[in-house]
Each structure stands twice: as structure tokens, then as C-alpha cells.
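Have a look at the structure below before the remarks.
The values are calculated or read from the model by the stated rules, or taken from the named source; none is laboratory data. These numbers come from a predicted model, not from an experiment. Note that each Cβ is placed from the backbone with ideal geometry, even for glycine, and that neighbours are counted across all protein chains shown.
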Amino acid sequence: MEKIILIKYGELSTKKGNRNFFIKTLKDEVNRKLSTLPCEIMSDFSRMSITCKDEDLNKVLDKLNTIFGIHAYHIAYKIASNQEEIEKKVLEVMSEEKFSTFKIETNRRDKSFPISSMDFSRRLGGIILKNIEGVKVDVHHPDVLCSVEIYSQEAYIYTNQHKGLGGYPIGTQPKALLMLSGGIDSPVAGYLAMKRGIKIEAVYFEAIPHTSMEARNKVIELSRKLARYTNKINLHIVPFTELQEEIYKKSDPAYGITIMRRMMYRIMDKLCQKYKAKAIINGESIGQVASQTLVSMNVINEVTNLPVIRPLACFDKLEIMEIARKIDTYNTSILPYEDCCTIFVPKHPVIHPELEVAKKIEKEIDYETLIQKAIDNTFTIVVHEEAENIYSDLL
């Protein structure tokens, strides 16, 4: 008998002709995450199994909790596919549980096993009732569900289910660039994008001396927290000061945010070409601020033909904050260091900007030269998941 971890795919198992690709990508990610631990990993169309040393079990589970594509996992006992051994082990496992009601669920994958799944569940239930006092069967809402999976050579018994992150493993979709500010929303947007299998790199617009080094370090730390779900994140830091100052010299203050966002999207478009990314991701939520009305989004989007993915578009702020706390970015995001999106906010920004007005303002700005200068001076920090502090390698 040995203890193993059974991984259930969930959504991945619906992929039909592409299932092999999704499962292979997930297995590659599991192998990478567990590469420093002595584990044996096996997979087929319906599940994956991991065998590890008992002393490494918690370390393995910690890693599994950071991998997208896992619907759920169980800590199971693997025994010989023998009726007597199964009955003995089920009683042993259930004797260690605390419950008033229970259910036995048998899945006879090997149809040569001499007892049908339903009949064997009844038999195992009878053994529990006979040997454990004060318990009864509840097939609808049991305190404990004991699952028995029977194959030709082995059987698996488990009573627990641990919820995984779900979604798709990172790498099943191409790369996209995340507009990562120091706020609450954009790290959550990055997390949700990764959950759909998108490999992300991050872009931070910096306006020193209007923004501080503390603001940059905050964004590096947010990148490190996101890197926990992948291997590393390339953080591209764009020097935005000169362009931002020019915008606010030449713009109607009410249009300042609109023009600034249009410039950011132009830069993002060029960076996507440079880094071979297929989309722009940001943390915008419809109606949350002036630049996030549908009219504003339409005017701002006009400068790029790339898809702009807004994972938080229909989330309210409380929902976003809940996810931020779950992924441990919230306390970092609320540190009081402003980014370039907040330092020049006018008292009354336009919420229904007109495209022709925005274009007229931009004619007064030599933005193509300033954009190219910002891109030429962009530098990249490689942020690793295991970094002990917020500083990482420079590219």
C-alpha cells in the first residue's frame, strides 16, 4: 500500500481533439514545479497521479496549489485490486474519520471485477455500519464521501477533495502583455489571464521624479507574487516622464487621462510587436473611473488593432478586492506610493470623450518621437517566484 496524489483535470477533459496538448502542457508544468522534489508523475486522459515521500507531501501540495489547470486533487491510498484488501482498507480509512453520515461511491473501471459498482458500494457501506457505531448512510449530503476506484491491477481509496485553481495551464495560449500598475486591479487581471492559460509579461509606466522608487519596488513585488503561479515574469519598465509632462502641457486638463491612455496603448502596441505578444491585458472595470466608461474605452482603443483583454470588466470593486486578498497582492497594492496614472488626475476628467477632440489635441504633441524614445529606453527586470526580496535580475 502507498499514498499517492490523484489530480483531476476538470475543464481540460472536455477538449476532445486537443486534450493531449492540454494534458501534456499541464504535466510539463507539474514536472517543472516539482523538479526539486523526488516524485514520480504519471498521467492519462482522465487524471494524473503523483507519488512522493511522506515527508515531502506538504511541499508537493503547496506547489500544486499554484498550478492552473488542476480542477481538484485527492490524497489517496493505492492498494491491490483485491476485494478483501479493499474492504479492509475502506474500514481502516473510515475509522480514522469523524462523521455522523457517510456515502460510499465505487467506480469500477475494470469491469472484470466480480461485483458491480453499486453492489460493492452497498457491501462496503454495510461493513461501515456494522463496525462503526452511531453512523448512518446519507447519499445526498454525507459528512464524509468515501470514493473507491477499481482498476485491473490496483484500487484507489480516498475521502478528501482539495480544490485546485482550475482554468488552463499556462502556455496553452500565446503571450500577452499586462499593464501592471501599483493598484489593486491590474495584478488581479494578470492572475485571471494566467488562469486562462495566457503567458504574461508585465509593463510598468514610470514617471520619475513624479513617481518614486518605492512605487517601482511595489510593482516588482506584485510581479513576484504573480510569478508564484509561473516560473518568472519579465517586467518591462517604460520611462514615461517626458511624454506625460508633454501631454499635460499641451492637453485640455479634462482630456489628460484620455490622451495619456491613448499614448500608453500606442506604446503597448509597439511592445507587443517587439516581444511577439498577441494581446494587451489591463485591470479596467466598466465605469469604475472616467477612463473606463464604454465611450472612453472606445476612444482609447482606437489607437491599436490588438485585442484588449479586460478580465475585470464586469467585476465590482469588492469582488476584485476579494481575489486580491486570496492571491496575496492586496496588502502590497494598498501601500501609499502613487503611480503615473494617479499623479496628474484632473478634478473633472471627461467621461464621454470625443475622438476628434482627442486627435486634435494630439496634433500639438510630437508623440511619435517621444514614444520611440520611451521604447528605446525601456528596460526589463526578470522577477523570479522564489526571490527573497523584490530585486531581481536585469536584462
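Structure summary
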quantity: Residue that is in contact with a Pro (Cβ under 9 Å, 6 or more places away or on another chain), at pLDDT 95 or above and more than 30 Å from Y337 (Cα to Cα), where the choices are K195, K103; calculated: K103
quantity: Hits in segment 215-260 (condition: closer than 24 Å to K373 by Cα, of a type outside the set (V, I, T) and part of a strand (DSSP E or B)); calculated: N234, L235, H236, P239
quantity: Condition met for H352 (surrounded by fewer than 17 Cβ atoms within 10 Å (Cβ to Cβ), out of contact with any Leu (no Cβ under 9 Å at 6 or more places or on another chain), at pLDDT 90 or above and not in a helix (DSSP H, G or I)); calculated: yes
quantity: Among the candidates L222, L226, L177, L235, residue that is farther than 25 Å from D62 by Cβ, surrounded by 22 or more Cβ atoms within 10 Å (Cβ to Cβ) and modelled with pLDDT of 95 or more; calculated: L177
quantity: Count of segment 1-12 residues which are of a type in the set (A, V, I, L, M, F, W, C) and outside any strand (DSSP E or B); calculated: 2
quantity: Candidate set: segment 268-304, residues that are in a loop (DSSP other than H, G, I, E, B) and basic (K, R); chosen: the one surrounded by the fewest Cβ atoms within 10 Å (Cβ to Cβ); calculated: K276
quantity: Options K63, K111; residue that is surrounded by fewer than 14 Cβ atoms within 10 Å (Cβ to Cβ) and assigned by TED's automatic domain parsing to the domain that holds E29; calculated: K111
quantity: Of all residues making up segment 4-18, the number that are at pLDDT 85 or above and either under 12 Å from G69 (Cβ atoms) or of a type in the set (K, R) (or both); calculated: 3
quantity: Residue match in segment 29-46 (condition: surrounded by 13 or more Cβ atoms within 10 Å (Cβ to Cβ), acidic (D, E) and within 21 Å of the chain's Cα centre (by Cα)); calculated: yes
quantity: Elements of type helices (runs of 4 or more DSSP H) contained in segment 13-121, each with 3 or more residues being over 30 Å from D143 (Cβ atoms); calculated: 19-33
quantity: Cβ-Cβ under 6 Å pairs, at least 6 apart or on other chains, segment 309-331 side in the same structural domain as K278 (by TED's automatic domain parsing) and of a type in the set (K, R), far side surrounded by 20 or more Cβ atoms within 10 Å (Cβ to Cβ) and not in a loop (DSSP other than H, G, I, E, B); calculated: none
quantity: Of residues in segment 181-205 being under 18 Å from K326 (Cα atoms) and not in a helix (DSSP H, G or I), the one nearest to the chain's Cα centre (by Cα); calculated: R196
quantity: Qualifying residue in segment 109-116 (condition: closer than 26 Å to E2 by Cβ and under 37 Å from the mean Cα position of the chain (by Cα)); calculated: yes
quantity: So I127, is it over 40 Å from the mean Cα position of the chain (by Cα) and assigned by TED's automatic domain parsing to the domain that holds Y156; calculated: yes
quantity: Checking G283 against (1) touching a Pro at 6+ places or on another chain (Cβ under 9 Å); (2) farther than 22 Å from S212 by Cβ, the condition it does not meet; calculated: (2)
quantity: So K78, is it closer than 30 Å to L226 by Cβ and within 34 Å of the chain's Cα centre (by Cα); calculated: no
quantity: Near pairs, Cβ below 8 angstrom, 6+ apart or cross-chain, from segment 207-219 (not assigned by TED's automatic domain parsing to the domain that holds D328) to any residue that is in a helix (DSSP H, G or I); calculated: none
quantity: Residue count for segment 58-84, restricted to those that are within 20 Å of N31 (Cβ to Cβ), without any contact (Cβ under 8 Å) to a residue 60 or more places away in the chain and not β-branched (V, I, T); calculated: 4
quantity: Odd one out for M263, checked against (1) under 27 Å from I323 (Cβ atoms); (2) not in a loop (DSSP other than H, G, I, E, B); calculated: (1)
quantity: Options Y156, Y229; residue that is more than 15 Å from the chain's Cα centre (by Cα) and aromatic (F, W, Y); calculated: Y156
quantity: One residue from A189, A202, A215, A155 being over 28 Å from K63 (Cα atoms) and buried (at least 23 other Cβ atoms within 10 Å of the Cβ); calculated: A215
quantity: One residue from E133, E149, E92, E87 being surrounded by 18 or more Cβ atoms within 10 Å (Cβ to Cβ), acidic (D, E) and out of contact with any Leu (no Cβ under 6 Å at 6 or more places or on another chain); calculated: E149
quantity: Residue count, segment 246-257 (criterion: surrounded by fewer than 20 Cβ atoms within 10 Å (Cβ to Cβ) and touching a residue at least 24 places away in the same chain (Cβ under 8 Å)); calculated: 6
